[in-house]
Amino acid sequence: MRTQTVRLKVRSRVVSSLALAVVLVPVAARADLDLPRPSPTAKITQQVGLTDVTVEYSCPGVKGRKIWDGLVPFDKMWRTGANTATKITFSKDVTFADKPVPAGTYALFTIPTKGAWTVILNKKPDQPGTATDYKADQDLLRVQLRPAAAPFRERLAFIFSNMTDDKASLDLEWEKLRLSIPIGVATAQQAQASITSTIDNVWRTYANAARYMLENKKDYEAGTKYIDQSLALKEDWYNVWIKAELQAAKGGYKDAVATAEKAQALGQKNGNFFLEGDVKKGLADWKKKVK
């Protein structure tokens, strides 16, 4: 009897495990099912000059349907895609259809019509669409643009075209329509600012290298080489003063006095003449040594 009881318990456990497996298999199969989305997501980034422009959106398909004034009604706000609102990001300030736009991320909405469309940038980028979270007082701008005919495109897509260092066209294409949005960037000004910043950092780097050679290594020839490279990029009271110190260290007190006087004159016009006391003391000492 005891053996029979044990066998019955084992069989009962096996049956229960099999029943549980039968129940769970369809759930697991459903969880692992990987199917294409009706409107797949997309992301495109284009560098225009020194500015990155990124569009994140979903791509609905035509699928034999009437799109304009059908699936997408005229005279009603549209998320300009599917699923959540389309987002556009600018890494630097731009112009958007000739309107200034600060760097940042925005929701891109449109109001399609038979004629000119209204294109909207809204300051709240993460939105499910137009019906719930959208608030007109968050609009950064609204512009009017007229679409044009285009070759048939099954799925909605954003494309960059007509690119130069200073501008590009962001084209929305779907079905047989293209809406082009001109984007302008300030590449020349940004490049000049980058050049100025880089040179400013480089001349300081050479000046600090020269000072290190002067004060720590006592290698006056190497210091002179570095300070001359610094002065070739930009003349500032700081590197002029280091030049004077190097001249004095090599015994050229007459030249050092003249250079230090120049550094003093430049420094007095600068709001950050933090070595003014050292310059005065150096001048006084070197003048005594000039023969």
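Worth a mention:
- The distance between label points at Lys262 and Thr95 comes to 4.4 nm (points 7 Å beyond Cα on the Cα→Cβ vector).
- Tilt relative to the chain, helix 276-289 - C-alpha long axis, 0 to 90 degrees, to 10: 30 degrees
- Computed over the stretch 111-210, the alpha-carbon pair-distance distribution with 10 angstrom bins reads 13, 26, 28, 15, 11, 7, 1, each value a whole percent.
- For the stretch 158-291, the Cα-based Rg and Dmax, in that order, read 24.8, 89 Å.
- Cross-link reach list, lysines versus Lys281, counting only Cα pairs under 27 Å and skipping chain neighbours closer than eight places: Lys217, Lys218, Lys225, Lys234, Lys243, Lys250, Lys254, Lys262, Lys269, Lys289, Lys291
- Per residue, the stretch 184-235 exposes 61 Å² of solvent-accessible protein surface, assessed with a 1.4 angstrom probe and all protein chains in place.
- Computed [θ] at 222 nm, helices only, for the chain once each DSSP H run of length n ≥ 4 contributes -39500 (n - 2.57): -13500 deg cm²/dmol
- Computed from point charges on the beta carbon alone (+1 for Lys and Arg, -1 for Asp and Glu), the dipole magnitude for the stretch 109-183 about its Cα centre is near 260 Debye.
- The stretch 62-103 - percent of accessible surface contributed by carbon and sulfur, probe 1.4 Å: 49 percent
- Share of carbon and sulfur in the accessible heavy-atom surface of the stretch 158-259 [1.4 Å probe, %]: 50 percent
- Looking at the stretch 55-194, the pairs of alpha carbons with a distance over 18 Å make up 55% of the total.
- Cross-link partners for Lys287 among the aspartates and glutamates, with Cα-Cα distance under 12 Å and sequence neighbours closer than 8 places in the same chain left out: Asp255, Glu261.
- The calculated Kirkwood hydrodynamic radius for the stretch 120-166 is 14.1 Å, given to one decimal from all distinct C-alpha pairs.
- Proximal charge balance of Thr41 [Cβ under 12 Å; K/R count +1, D/E count -1]: +3
- About the Cα centre, charge dipole magnitude for the stretch 109-264 (Lys/Arg +1, Asp/Glu -1 at Cβ), debye: 280 debye
- With the simple spin-label model, which puts each label point 7 Å out from Cα in the Cβ direction, the Asp34 to Asp200 separation comes to 5.1 nm.
- Shown for the chain is the translational diffusion coefficient from the Stokes-Einstein equation, using the Kirkwood radius over Cα pairs, a temperature of 25 °C and a viscosity of 0.890 mPa s: 95 µm²/s.
- Label-point separation, Phe74 to Ala191 (7 Å along Cα→Cβ), nm: 4.5 nm
- Note on the stretch 62-214: Lys pairs 8 or more places apart or on different chains, Cα atoms under 14 Å apart, count 10.
- Between the stretch 225-291 and the stretch 192-208, the alpha-carbon center distance in angstrom: 20 Å
The values are calculated or read from the model by the stated rules, or taken from the named source; none is laboratory data. What you are looking at is a predicted structure, and each value in this text was computed from that prediction instead of being measured. We place every Cβ from the backbone using ideal geometry, glycine too, and count neighbours over all the protein chains shown. Ligands, DNA and RNA are stripped out before the accessible areas are found, and what is left, the full protein with its side chains, is counted by its heavy atoms. Shrake-Rupley method; radii C 1.70, N 1.55, O 1.52, S 1.80 Å.
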